[in-house]
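The values are calculated or read from the model by the stated rules, or taken from the named source; none is laboratory data. Model, not experiment: these values are computed from the prediction. Cβ coordinates were reconstructed from backbone atoms using ideal geometry, including for glycine residues, and neighbour counts include every protein chain displayed.
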Amino acid sequence: MTESPVCLADPHLRYPAQPPPEGPREVVILGSTGSIGTQAVDVILRNPGLFTVTGLSAGGERVDLLAEQAHRLGVRTVAVAREDRAPALREALRARFGAGEPVPGVLAGPDAAAHLAASPCHTVLNGITGSIGLAPTLAALEAGRVLALANKESLIVGGPLVTGLAKPGQIVPVDSEHSALFQALLGGTRAEVAKLIVTASGGPFRGRTRAELAGVTPRDALAHPTWDMGPVITINSATLVNKGLEVIEAHLLYGIPFDRIEVVVHPQSYVHSMVEFTDGSTLAQASPPDMRMPIALGLGWPERVPAAAAPVDWSRAHTWEFLPLDTDAFPSVPLARKVGSLGGTAPAVFNAANEECVDAFLAGLLPFTGIVDTVAQVVEEQGTAGSGTSLTLPDVLEAEAGARRRARELAGTAGRANQEMTA
C-alpha cells in the first residue's frame with residue numbers, strides 16, 4: 001500500500017465537495033439506531049436550526065426506534081438492510097405518524113443504505129458498523145456528498161476503491177482519533193508533519209501480560225473503562241484491533257507513511273490524538289470522552305456546532321498519562337501495519353477474519369488471545385490480491401468471503417479442541 005496521493009481528509013479545504021447551504025444542512029444518517037447514529041440524532045435534535053435529516057437507515061433489528069427517530073426528525077425516507085423487517089417497519093411508522101402526517105417511504109434490502117447514501121442531501125453520516133458500510137461509502141462519494149465517516153472498515157477494506165473516488169477534503173472523519181488528527185493538522189502544512197500520534201485507552205486489560213490475557217472472558221472484555229460502544233467495537237478495543245484499524249485509516253486519510261504513525265496508550269482518553277511537526281512542536285486535541293463532539297464536527301464542518309459536548313473542566317485537577325504500547329501482549333497493531341503495507345485485499349482479509357473471530361470469542365469458541373492469533377493465521381494463508389487501481393469490489397468481496405470461511409473453520413477447530421480438553 002503506497003502513500004495516498006492526496007489528503008482525503010484535508011482540514012485546510014474549508015469547503016469540501018460542495019459549500020454549506022444557506023439554511024439548515026440536509027443530512028442522511030446511516031446506522032441511525034446504533035451508537036454513532038443515536039448520538040448523531042441527539043446532536044441534531046438539540047440543533048434544529050442547523051440540520052434537516054432527509055433519510056435514516058438501519059439494519060432492521062430495532063424498527064420501533066427507527067420509526068420513532070423518523071417521526072421526531074420528520075424524514076422523507078427510511079431504509080432497512082433486512083427485507084423481512086420492512087413490514088414491521090411500515091407498521092411501526094403507521095403507529096407513530098398521525099392522521100395527515102406524511103409517512104416516510106421505505107427502502108429495504110442489502111442495497112437500501114447505498115441508495116439512500118446517493119439521495120439528494122449535503123452530508124452523509126456513515127455510522128454503520130462493519131465492512132457492509134463499503135457500498136454506501138462508495139455511493140455517497142460517487143454522488144458528490146460530503147462524507148462524515150465513522151465506518152472506518154469501509155475505508156480500510158475498500159482502500160484504493162475509496163481513495164480513487166474521494167475528492168480532496170470530501171471526507172470528514174468522525175472517529176474520535178481521526179477527528180483529533182484532523183483538527184490538530186490545522187496547525188501546519190502537510191509538509192511540516194513529522195508524525196501522527198494515535199492515542200489508545202489501552203482497553204480494560206492495560207498492563208496485563210499475554211499470559212494473563214489467556215483467561216479473559218467475554219464479560220470481562222465487554223466492560224470498557226471509558227467508552228460506551230457496541231459489542232464488536234468494544235471487543236476490538238480490548239484486543240487493540242481497533243487501534244490497528246485506526247493506523248491503517250490514518251494512513252489512508254492523511255497520506256502519512258506507516259513508519260510515521262505511532263500508537264501511544266493514554267488511559268484517561270482526554271487527548272484523542274496528536275500531530276508532531278518537524279520543528280519539534282506537538283499539537284493535541286483534548287476533550288472529555290464524548291462522541292457527540294466529533295460527530296457534530298463531522299456533520300457541521302467547516303463550522304463548529306455550539307455546545308456539542310461538555311468541555312474539559314479546568315477548575316479541577318487532572319493527571320494524564322502517556323505510556324508505550326506493549327506489542328507482545330497486544331500484537332494487533334504491528335499486524336495491522338503489516339497488513340496495511342501489503343495493501344490489496346489484505347486489509348479486507350484482516351477485518352473480515354477479525355469480525356468472525358470476535359463472534360467466535362463471544363460464543364466461547366476462541367480464547368481472548370486466540371482472536372488475533374487466528375486473524376494472523378488467516379492473513380498469512382490468504383495473502384493479498386489486487387492493488388492500486390487494479391483492486392475491484394468483487395476482489396474485496398471474494399477476499400472477505402474466503403477470510404470468513406477460513407476464520408470460522410479455525411475457530412470451530414479450536415472450539416472442538418477446547419471442549420475435548422474440558423470434557
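Flag: residue 192 does not match the condition of being over 23 Å from residue 271 (Cβ atoms), assigned by TED's automatic domain parsing to the domain that holds residue 328 and more than 17 Å from the chain's Cα centre (by Cα). Restricted to segment 308-326, and to residues there that are among the small types (Gly, Ala, Ser) and either free of Cβ contacts under 8 Å to residues at least 60 places away in the same chain or surrounded by fewer than 10 Cβ atoms within 10 Å (Cβ to Cβ) (or both), the residue that is nearest to residue 152 (Cα to Cα) is 309.
Within segment 272-294, the set of residues being under 23 Å from the mean Cα position of the chain (by Cα) and of a type in the set (D, E, K, R) comprises 290, 292.
Regarding residue 246, is this residue at pLDDT 90 or above, within 18 Å of the chain's Cα centre (by Cα) and assigned by TED's automatic domain parsing to the domain that holds residue 324? For residue 246, the condition - at pLDDT 90 or above, within 18 Å of the chain's Cα centre (by Cα) and assigned by TED's automatic domain parsing to the domain that holds residue 324 - is met.
Of all the numbered requirements in (1) in contact with a Ser or Thr (Cβ under 7 Å, 6 or more places away or on another chain); (2) outside any helix (DSSP H, G or I); (3) in the same structural domain as residue 287 (by TED's automatic domain parsing), residue 147 misses one, and that requirement is (3). Annotation note: of 169, 164, the sole residue that is out of contact with any Phe, Trp or Tyr (no Cβ under 7 Å at 6 or more places or on another chain) and part of a helix (DSSP H, G or I) is 164. Given the options 155, 134, 125, name the one that is under 15 Å from the mean Cα position of the chain (by Cα), under 25 Å from residue 57 (Cβ atoms) and not in a helix (DSSP H, G or I). Among 155, 134, 125, only 125 is under 15 Å from the mean Cα position of the chain (by Cα), under 25 Å from residue 57 (Cβ atoms) and not in a helix (DSSP H, G or I). Any idea which residue in segment 276-302 is nearest to residue 53 (Cα to Cα), counting only those that are assigned to a loop (DSSP other than H, G, I, E, B) and touching a helix residue (DSSP H, G or I) at 6+ places or on another chain (Cβ under 9 Å)? Here the answer is 301.
Contact map, segment 229-242: residues that are over 16 Å from residue 150 (Cβ atoms) paired with residues that are of a type in the set (A, V, I, L, M) and part of a helix (DSSP H, G or I), Cβ distance under 7 Å, separation 6+ or inter-chain. Pairs shown: 231/362; 235/221; 235/358; 238/221; 239/371; 239/372; 240/333; 241/372. Scan segment 172-183 for residues that are surrounded by 24 or more Cβ atoms within 10 Å (Cβ to Cβ) and part of a helix (DSSP H, G or I) and the total you get is 6. Exactly one residue out of 109, 127 is assigned by TED's automatic domain parsing to the domain that holds residue 87 and at negative phi: that is 127. Selection of segment 55-87 for residues being buried (at least 16 other Cβ atoms within 10 Å of the Cβ) and either touching an Asp or Glu at 6+ places or on another chain (Cβ under 6 Å) or assigned to a helix (DSSP H, G or I) (or both) yields 63, 65, 66, 67, 68, 69, 70, 71, 73, 85, 86.
Within segment 344-358, not a single residue is surrounded by fewer than 20 Cβ atoms within 10 Å (Cβ to Cβ) and out of contact with any Leu (no Cβ under 8 Å at 6 or more places or on another chain). Here segment 1-41 is the region considered, the condition is being among the acidic types (Asp, Glu) and more than 19 Å from the chain's Cα centre (by Cα), and the residue that is modelled with the lowest pLDDT is 3.
Just one of 272, 266 is at pLDDT 95 or above and either surrounded by fewer than 17 Cβ atoms within 10 Å (Cβ to Cβ) or out of contact with any Phe, Trp or Tyr (no Cβ under 8 Å at 6 or more places or on another chain) (or both); which is it? Only one candidate passes the filter, namely 272.
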